[in-house]
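Derivation of every value follows stated rules applied to the coordinates shown; laboratory data play no part. Keep in mind the model is a prediction, meaning the values are calculated, not measured. Cβ coordinates were reconstructed from backbone atoms using ideal geometry, including for glycine residues, and neighbour counts include every protein chain displayed.
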Amino acid sequence: LGFKVTYAKLSDLDLLVDHRLSMWHELHPELRTEIDRSRAYTRKWISAKLEHGELVGFIARTPGGRVAGSGCIWLREEVPRPNNPLHVVPYLMSMYTVKDLRMQGVAKEIVKRAVKWSRAHHHDRVVLHASDHGRHLYEEVGFKPTHEMRLIL
Ligand SMILES: CC(C)(COP(=O)(O)OP(=O)(O)OC[C@H]1O[C@@H](n2cnc3c(N)ncnc32)[C@H](O)[C@@H]1OP(=O)(O)O)[C@@H](O)C(=O)NCCC(=O)NCCS
């Protein structure tokens, strides 16, 4: 407890990339080579989105200033629907907490901050894809499963 959450700056780019790749390594250890190879284009993508204000990073630190975890909101373009005049939807991604600081509320604090940010910026929802580890955390904050379907090609 007592973690402080601040916005990521451009200088935090490598931290956000490291956390995203660490997330993938934990979710899909069998894709080690592919994940490592994705570093360059992941970095380029996050950098461009941060620069254009299309990605908002949240970084949690301990009272002593050590990075505990992070998560990002990507303002994803959306097809217009009757109630989305902004044509974008906040997509919560890259949730990662460093191993020795897990189960202490770091991720929950980040999710709450991301939701608060989205509400304050007049969005009417937040969406995400949950891993099995993340599901409980998101449900606790009020997320519900949707009817999205997928056909793997
Ligand atoms: C998932 C992850 C972000 C959770 O981070 P965390 O800081 O430990 O989470 P919190 O301490 O805020 O936990 C919030 C709630 O989720 C629960 N939770 C956390 N990790 C869990 C796990 N592995 N399995 C089941 N429940 C879990 C906690 O018990 C807590 O519930 P409570 O409030 O009822 O006690 C972290 O385990 C992680 O980085 N995992 C690897 C990457 C990943 O899976 N990212 C999510 C992709 S959707």
(request) Any aspartates and glutamates with Cα under 15 Å of the Lys49 Cα? List them, leaving off those in the same chain fewer than 8 positions away. (result) Asp12, Asp14, Glu77
(request) Quick one: net charge around His121, please, counting Lys, Arg +1 and Asp, Glu -1 for every other residue with C-beta under 14 Å from its C-beta. (result) +3
(message) Report the per residue volume, in Å³, of the convex hull enclosing the C-alpha atoms of the stretch 1-91.
(response) 136 Å³
(request) List the trypsin sites (Lys or Arg not before Pro) within the stretch 116-153 that fall in a DSSP loop (any state other than H, G, I, E or B) and whose Cβ has at most 10 other Cβ atoms within 10 Å. (result) Arg150
(request) Check the straight Cα-Cα distances from Lys4 and name the lysines below 19 Å, setting aside those fewer than 8 residues away within the same chain. (result) Lys99, Lys108, Lys112, Lys116
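Report the semi-axes of the equivalent ellipsoid for the stretch 24-153 in whole Å, largest first, where each axis is √(5λ) for an eigenvalue λ of the Cα gyration tensor. Please report the intermediate quantities before stating the final value.
Details: eigenvalues 109, 78, 58 Å².
One finds semi-axes of 23, 20, 17 Å for the stretch 24-153.
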(message) As a test of the formula, what do you get for the chain when each DSSP H run with n ≥ 4 contributes -39,500 (n - 2.57) and the sum is divided by the residue count, at 222 nm and rounded to the nearest 500 deg cm²/dmol?
(response) -12000 deg cm²/dmol
(message) Just to verify a number: FRET efficiency for Lys9 and Lys44, C-beta to C-beta distance, R0 = 25 Å, to 0.05?
(response) 0.90
(message) Loop only by DSSP, 10 or fewer other Cβ within 10 Å of the Cβ. Give me the GluC sites (Glu not before Pro) in the stretch 105-153 that pass, ordered by residue number.
(response) Glu148
(request) Using a 10 angstrom cutoff on alpha carbons, build the Gaussian network for the chain and name the most mobile of Asp14, Asp100, Asp36. (result) Asp100
(request) Averaging sequence separations of C-alpha pairs under 8 Å and six or more residues apart, then dividing by the length of the stretch 1-55, give the relative contact order as a whole percent. (result) 42 percent
(request) Just name one of Gly105, Pro80, Met93: the one whose Cα is farthest towards the positive end of the charge dipole of the stretch 71-153 (beta-carbon charges, Lys/Arg +1, Asp/Glu -1). (result) Gly105
(request) Mind checking the full-extension length gain between His25 and Asn84? Use 0.36 nm per residue of separation minus the Cα-Cα distance, one decimal, nm. (result) 17.8 nm
(request) Select from Leu31, Leu55, Leu137 the residue whose mean-square fluctuation is largest in a Gaussian network model of the chain (Cα-Cα springs shorter than 10 Å). (result) Leu31
(request) Answer rounded, prolate or oblate for the stretch 76-153, using the Cα gyration tensor with square roots of eigenvalues a ≥ b ≥ c: rounded when a/c is under 1.5, else prolate when a/b is larger than b/c, else oblate. (result) oblate
(message) List the aspartates and glutamates whose Cα sits under 18 Å from the Cα of Lys144, skipping any in the same chain fewer than 8 residues away.
(response) Asp124, Asp132
